[in-house]
Structures are given as structure tokens and as C-alpha cells.
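Heads up, the thing below is written out as C-alpha cells.
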Amino acid sequence: MSKPASICQAALRVLETADARHKATAARELAHDWRQGKFAGKTKALPVDRPARPEKPELLLPRDMPKRGKGGNLENRIALMHAIAHIELNAIDLAWDMVARFGHDMPDDFIDDWVGVGDDEARHFIMIEERLTELGAGYGALPAHDGLWQAAFDTRNDLAARLAIVPMVLEARGLDVTPGMIKRLENFGDTKSAEALQVIYDEEIDHVRKGQKWFSWLCEKSGWDGQEKYQDLVRQHFSGKLKPPFNVSARAAAGLDEAYYLPLSDT
């Protein structure tokens, strides 16, 4: 099958692939082809509201998810890694939806950045899925929640809102909580899982940075005050307050100043 001339059209292949491993593989292949200059343009694509997903895991509302234990037994560590795998699978679709839905109207550097993010997320998913296999489990064995994609659906018509909510709220939250997960896994003696999460954490700083970069670009282009626009969009599209404690140093490394998020928190 010939490849589409448009990277935005090609991104639909990732979104329309249901099998999780095949989705990740398709994402990595498309990223490679983009870097090799195999796409001539960025014609607008029309992604569906929901990407294709495997039959398993069963998707529940966040409030219906079973509580995950914090002890170091195998069952709890599998549950944690399964939750991370589900986040990474969602993140593949979020990045490629960014390319498909918004890339046609943005500079090529925008596509470079989000193709790179989509490639990273695919690599992360494969890494965590392989770790689950080593632990005697697999992706789909446990239920998962659908809250991450709801954020994409709610911001499907507004790039500024998508950037504010996905990288600058949800992924930034990952910077807050992942160091604690890594520390617990190290304390449990599960160094392989801890090392995998360290890779994700280090690279997620750059993903948040890319979100902040393009949000700032849009604000400058549109004449918006960045902090005010961010806070307005978060209040509009995110339910509740942002939860401290914040990983201030990692957020700062990603270009996310406290003046953006502290007014939205409980502090």
C-alpha cells in the first residue's frame, strides 16, 4: 500500500489501528518516514472523535476504577505498570491526533515536535508492555479508565485548549507524581520497572516543554497574555483544582512557570 503524501493523513493510520502493539509500531514507522522526508505535504486530515482501541482493557469511568494498592507485591506492581501502559497508549493517540487535527495549519517545526512526541510515546508503550510480560501479565489484563481521551475530545476544536490541558496539565501532573512511583519501585527492589519509569519521566519533561512552546507561540501570534489565557482555558476545560505538591524544578525545566499554575491550585 502506498503511503499518503500528507503526514496529517498518514497520522490517521495510527489513530485507526486498534491493536495496541500494532498502533505503537505504526507510530514508530511513520515517525521514521517523516524524518526521512517521505511525506511531501501536510494536507488537512479529518480524524474521528475516538481512535480505534483493542477490545481489552475494559474501559471504566475513573470513579469506577478499583483502588490500586501501594504495597510492593507483584499484583500491585503489575497494576501500576498496566496503568502506565494505558497512559502511554493514550499518549500515542494524543500526539498523532495533534498532528492529524492541527498540523496542516502550523509550521513544520510543530509537526517535527509532535511526531517526535508520538514516537517517544510509542517507544514508552512497547517498553512498559515488555516489562508487563516479564512480570507475567500483559496490557489488557486489567480494566482502565477513559478520562485521558475525554480531555482530547473536549478540546478537539481548539489547539490552544488542547495544549493547555494535555501537555501543560495532564503531562505536567505526571512530572509531579512519577518520582514517587520510581522511589517506591526502587524500595520494592523492582529496579527494572523503576528504570523504565525514569526513562519516561526524563522524556516527559521535553513533552511538557513542547506544549508550553507552542502554547506560547499561539499566544504571541494571537496577542493573548499567556498566563491569563492558560488559566481561562484550564478553568473552562478541566474539572476541579490542580493538585499540589508540584514538582517545581521539573516544571521549570519544561518552561512552565509557577505563575501559570499556582493560581489554579489549592495552595
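We did not get these values from a lab; they are worked out from the coordinates using the rules stated. Owing to the predicted nature of the structure, the values given are computational and were not obtained by experimental measurement. Cβ placement follows ideal geometry from the backbone for every residue including glycine, while neighbour counts extend to all protein chains displayed.
Listed here are the pairs Lys67/Lys213; Lys42/Lys221; Lys23/Lys44; Lys23/Lys229; Lys38/Lys192; Lys183/Lys210; which of them are more than 31 Å apart at the Cα? Don't jump to the answer; show the numbers that get you there.
Working: Lys67/Lys213 36 Å; Lys42/Lys221 21 Å; Lys23/Lys44 21 Å; Lys23/Lys229 34 Å; Lys38/Lys192 36 Å; Lys183/Lys210 26 Å.
From Lys67/Lys213; Lys42/Lys221; Lys23/Lys44; Lys23/Lys229; Lys38/Lys192; Lys183/Lys210, over 31 Å: Lys67/Lys213; Lys23/Lys229; Lys38/Lys192.
Using a 7 Å offset from the Cα along the Cα-to-Cβ direction at both Asp112 and Asp154, what is the distance between the two label points in nm, to one decimal?
3.3
Once you have the Kirkwood Rh of segment 1-130 from its Cα pairs, apply Stokes-Einstein at 10 °C and 1.306 mPa s and quote D in µm²/s.
On the way: Rh = 15.5 Å.
It diffuses with D of about 103 µm²/s by this estimate.
In percent, how large is the relative contact order of the chain, given Cα pairs closer than 8 Å and 6 or more residues apart?
On the way: 360 pairs, mean separation 49.8, N = 267.
After rounding, I find 19 percent.
If amide H atoms are built 1.01 Å from N in the plane of the peptide, which residues on other chains or at least 5 residues away come under 5 Å of the amide H of Ser265?
Distant-sequence amide H within range of Ser265: Leu242.
Would you please give the FRET efficiency between Thr133 and Lys38, computed as 1/(1 + (r/R0)^6) with r the Cβ-Cβ distance and R0 = 45 Å, to the nearest 0.05?
Result of the calculation: an efficiency of 0.90.
Under a plain spin-label model, where a point goes 7 Å from the Cα along Cα-to-Cβ, how far apart in nm are Ala259 and Gln227?
The two pseudo-label positions are separated by 0.4 nm.
So which helices of the chain fit the span-like rule, where a helix is a whole DSSP H run, its Cα atoms reach 30 Å or more along the axis, and its mean Kyte-Doolittle is at least -0.5? Display every interim value, and only then the final one.
Details: long enough: 74-102 (41 Å, 0.60); 108-134 (39 Å, -0.54); 191-222 (47 Å, -0.75).
Counting only whole DSSP H runs, the qualifying helices are 74-102.
Using the Cα gyration tensor of segment 197-238, with a ≥ b ≥ c the square roots of its eigenvalues, what is the shape: rounded (a/c below 1.5), prolate (a/b larger than b/c) or oblate (neither)? Spell out each step's value before the answer.
Working: a/c = 4.35, a/b = 1.81, b/c = 2.40.
Oblate shape, in that a/c is at least 1.5 and b/c is the bigger or equal ratio.
Per the helix-only calculation at 222 nm, which mean residue ellipticity applies to the chain, given -39500 (n - 2.57) for every DSSP H run of n ≥ 4 and division by its residues, nearest 500 deg cm²/dmol?
Working: 11 runs with 166 residues, N = 267.
It lands at -20500 deg cm²/dmol.
Amide H to amide H under 5 Å from Leu60: which residues, 5+ apart in sequence or cross-chain, H placed 1.01 Å off N in plane?
Correct list: Ala144, His145, Asp146.
Using alpha-carbon positions, what is the distance between the centroids of segment 142-177 and segment 85-141, in Å?
The distance from the Cα centre of segment 142-177 to that of segment 85-141 comes to 13 Å.
Can you tell me the Rg and the Dmax, both Å, for the Cα atoms in the chain?
18.1, 54
Ranked from highest to lowest mean number of other Cβ atoms within 10 Å per residue, what is the order of the peptides 216-226, 151-161?
Details: 216-226: 12.9, 151-161: 16.9.
My ranking of the peptides, most packed first, is 151-161, 216-226.
Once you've got the GNM for the chain with C-alpha springs shorter than 10 Å, pick whichever of Pro51, Pro179, Pro107 has the biggest mean-square fluctuation.
Of Pro51, Pro179, Pro107, the most mobile in the Gaussian network model is Pro107.
Any idea what the dipole of segment 148-267 comes to, in debye rounded to 20, about its Cα centre with Lys/Arg Cβ at +1 and Asp/Glu Cβ at -1? Please report the intermediate quantities before stating the final value.
Numbers: 15 positive and 18 negative charges, 41 e Å.
Magnitude of the dipole: close to 200 debye.
Take the alpha carbon atoms of segment 28-42, find their center, do the same for segment 187-209, and report the distance between the two centers in whole angstrom.
28
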